[in-house]
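> Below you will find the structure I want to go over with you.
Nothing in this text is a laboratory measurement; each read-out follows from the coordinates by a stated rule. As the structure is a prediction and not an experimental result, all values here were calculated from the model. All Cβ positions, glycine included, derive from the backbone under ideal geometry; neighbour counts span all protein chains shown.
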Ligand SMILES: NC(=O)c1ccc[n+]([C@@H]2O[C@H](COP(=O)([O-])OP(=O)(O)OC[C@H]3O[C@@H](n4cnc5c(N)ncnc54)[C@H](OP(=O)(O)O)[C@@H]3O)[C@@H](O)[C@H]2O)c1
């Protein structure tokens with residue numbers, strides 16, 4: 001099968017580097033363009049990321065010598081070469097919104113950035129949870145007068161560690177949720193080496209993160225009504241987000257109360273059987289989606305973040321609580337499931353559903 005040519009906007013950053021490694025041997029997609037700021041443009045990819053390549057794997061050979069293009073000034077050349085682009089830009093939100101809109105006039109844009117997450121005709125997709133929201137795309141294209149292009153976003157990395165665990169429990173009516181996330185430094189595009197303040201330290205603040213962690217699940221669990229995706233208001237979530245000194249992997253401590261309190265075994269079997277993509281053949285979908293640990297000391301960041309090649313969600317320490325009904329611990333890989341890998345899975349879903357041709 002001839003592979004679909006794709007471009008990466010923001011290819012030199014932390015998430016961009018993940019795209020480059022995850023797409024190296026992808027069976028459907030092939031990177032043909034890498035783009036970044038004017039500072040990187042004109043260099044080979046290898047030169048542009050010299051001294052800041054942070055992936056475990058080497059730069060793939062076919063990418064190392066690609067000439068980096070400028071996201072803004074080389075747009076016309078980029079859209080001619082690709083069928084769609086992934087966006088991993090980090091700039092002012094207004095600039096990203098404008099750039100992503102400019103590209104969507106020509107090609108689909110699958111974005112990691114939050115600039116479009118609250119546009120009410122832009123689906124914010126976790127493929128296992130709200131694939132049905134893709135049906136808003138024709139409406140979005142009509143609203144903007146776009147023929148082939150559109151924008152789909154993925155949610156914030158923090159929520160992948162608890163939304164996939166609460167969703168399978170909807171049959172029991174989750175009433176309220178308290179979550180505390182323990183987030184890796186790569187979530188800020190940094191490493192422990194280049195962030196000395198994080199050595200031997202915990203910082204109880206991540207700008208804007210608690211609001212995203214509380215609000216974004218409501219859109220994901222929302223419904224399409226007429227021309228928009230309308231967020232739900234249940235179950236309410238209150239979140240605390242803390243930066244911890246690990247390189248990759250966001251952990252979450254979750255407390256939930258239910259309308260109908262289930263037995264622990266009912267929760268475990270709801271998690272184990274939740275695999276909505278099991279009958280669709282998507283190369284990046286992990287099976288199982290959720291890995292349940294019964295050992296007391298799992299999941300652990302270092303041992304378990306790579307489950308399902310970094311696309312699986314793990315959970316453990318399910319126990320009853322004296323104030324809420326239950327508490328448990330979730331874990332996901334923030335730059336794979338929470339960023340580049342989640343966006344690639346979304347693109348695979350878009351191709352399978354005929355939105356990317
Ligand atoms: N890290 C995570 O775990 C994570 C998870 C989910 C979502 N995200 C989101 O993903 C996006 C990328 O995050 P990151 O951590 O990869 O950021 P990053 O490491 O700072 O990388 C930012 C990228 O944007 C490019 N860029 C910056 N200014 C630009 C400009 N004026 N014109 C064109 N390109 C420009 C950079 O190019 P140069 O190298 O040339 O400067 C670089 O390629 C952000 O929106 C972030 O919120 C990150």
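> Quick one: 103, 326, 162, fewest Cβ neighbours within 10 Å first, how do they rank?
326, 103, 162
> Let me ask you something else. When the helix-only estimate is applied to the chain (DSSP H runs of n ≥ 4, each -39,500 (n - 2.57), divided by the residue count), what is the mean residue ellipticity at 222 nm, nearest 500 deg cm²/dmol?
When only DSSP H runs of four or more count, the value is -6500 deg cm²/dmol.
> Does the range 80-210 come out rounded, prolate or oblate, given a ≥ b ≥ c as the square roots of the eigenvalues of its C-alpha gyration tensor, rounded meaning a/c under 1.5 and, failing that, prolate meaning a/b above b/c?
oblate
> Who wins for biggest fluctuation among 179, 15, 246 in a Gaussian network model of the chain, springs between alpha carbons below 10 Å?
Sorting by GNM fluctuation, first place goes to 246.
> Put a dot 7 Å past each Cα toward the Cβ at residue 80 and residue 303; how far apart are the dots in nm?
According to this spin-label approximation, the distance is 5.5 nm.
> Considering only C-alpha atoms, what is the centroid distance from the range 92-158 to the range 216-274, in Å?
Centre-to-centre distance over Cα atoms comes out at 22 Å.
> Give the shape of the range 240-319 as rounded, prolate or oblate, defined through the alpha-carbon gyration tensor: a ≥ b ≥ c are the square roots of its eigenvalues, a/c under 1.5 means rounded, and otherwise the shape is prolate if a/b is larger than b/c and oblate if not.
oblate
> Return the Cα extents of the chain along principal axes one, two and three, sorted largest first, each rounded to a whole Å.
60, 50, 38
> Which residue, 339, 48, 88, has the most motion in a Gaussian network model of the chain that connects Cα atoms within less than 10 Å?
The residue that fluctuates most here is 48.
> In which sequence would 172, 255 go, from the one with the fewest C-beta neighbours within 10 Å to the one with the most?
255, 172
> Now for a different question. Measure off 7 Å from each Cα along the Cα-to-Cβ vector at residue 281 and residue 233, then give the distance between these two points in nanometres to one decimal.
Modelled inter-label distance: 4.6 nm.
> If you take every DSSP beta bridge fully contained in the chain, what fraction is antiparallel? Give it as a percent rounded to 5.
45
> At a 10 Å Cβ-Cβ cut-off, how would you order 333, 26, fewest neighbours first?
Ordered from fewest to most neighbouring Cβ atoms within 10 Å, 333, 26 come out as 26, 333.
> Follow-up. Given the C-alpha centroids of the range 1-18 and the range 38-80, what is the distance between them in whole angstrom?
After rounding, the separation between the Cα centres reads 10 Å.
> Most fluctuating residue of 158, 332, 253 in a GNM of the chain with Cα springs under 10 Å: which is it?
253
> Using the Cα gyration tensor of the range 158-332, with a ≥ b ≥ c the square roots of its eigenvalues, what is the shape: rounded (a/c below 1.5), prolate (a/b larger than b/c) or oblate (neither)?
Rounded, since a/c falls under 1.5.
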